[in-house]
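Structure record follows, encoded as structure tokens.
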Amino acid sequence: MVVRFQPITNIFDEIDSIFNPVAVPFPAIRWTNRDRRFADISVKESGEQVHVYAELPGVAKEDVNVNINEGTLVISAERKQPELKENEQWIRNEVNYGKIERTVQLPYPADVEKVSATHEQGILHIVLPKHENAKPKQISIR
Amino acid sequence: MTNGTDEKKTVHTITPVVDIVETAKSYVVKLDIPGSVKEKIKASIENNTLVISTEASDYAGTDSAETAKQYRREFLLAKDIDVDTVDAQYDLGVLTVTLNKKKQFLPKQISIN
């Protein structure tokens, strides 16, 4: 059984009654159940690097792909749906499974050869050094 | 930092999304808590309520001195859950809590003589 709740904003301190639905007369209300196919990202510029962080909980490293050309970064991933065995059943499913994609327009062209990425505890962290052309240049005055 | 003693700090509470699967012997609860470490995640059962909470990790350095984020979600447990054998694991940014059913609630095969 898959139960989905409609997204409603900002309810606090509610108690879920998933294990005992009879105990509470109204269903729990969630704002987190957005139908997401995008990862939440943060982009930070720091010195001569651009850092991109993407939240990809439950996604295995081998299911993450990062593609880049100079000004655009494309993160694609797949969160695989667990297969239920016989005599297992869904009580609640708020997690969205399937393909996730996110395109990030970089604030500066990146040096594609020097990009590095890690994926730890659901956070994909990509470090993109700025391309030579994007670095500030000192012009000597004669 | 976010224990409420610092009145100037605004704590935003994020409700993590949850998946729950019932198996023959247990309920498996999975919550998305990306970017944390297991030492920071608190799980407790009190008054038949499972409480999961953690400071959200500031992995991108977006928290300021005035704001912080935390994850928190509570679940009211039914009577068939054995609160003494709860297991929790954190991997890939997902917290998995396994709540075993009490023995007396497990299906039993009755042999017919």
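No lab work stands behind these numbers, since they all come straight from the coordinates. As the structure is a prediction and not an experimental result, all values here were calculated from the model. Positions of Cβ are backbone-derived with ideal geometry, glycine not excepted, and every protein chain shown enters the neighbour counts.
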Query raised in the report: Quick one: how many residues across the stretch B:90-113 are touching a residue at least 12 places away in the same chain (Cβ under 8 Å) and at positive phi?
Result: 1
Query raised in the report: In the stretch A:63-96, how many are more than 9 Å from chain B (Cβ to nearest Cβ) and not charged (D, E, K, R)?
Result: 14
Query raised in the report: When only residues in the stretch A:82-116 that are assigned to a loop (DSSP other than H, G, I, E, B) and of a type in the set (Ser, Thr, Tyr) count, which is surrounded by the most Cβ atoms within 10 Å (Cβ to Cβ)?
Result: A:Tyr108
Query - Within the stretch B:1-80, strands (runs of 3 or more DSSP E) holding 1 or more residues that are crowded, with 19+ Cβ neighbours inside 10 Å and under 18 Å from the mean Cα position of the chain (by Cα) - result: B:18-22, B:26-32, B:49-55, B:67-76
**Report entry** Output for the stretch B:66-89, where each listed residue is touching a residue at least 24 places away in the same chain (Cβ under 8 Å), more than 13 Å from chain A (Cβ to nearest Cβ) and farther than 30 Å from A:His119 by Cβ
**Finding:** B:Glu66
Query - Count - residues of the stretch B:25-65 that are closer than 22 Å to A:Tyr53 by Cα, touching a residue at least 40 places away in the same chain (Cβ under 8 Å) and more than 8 Å from chain A (Cβ to nearest Cβ) - result: 6
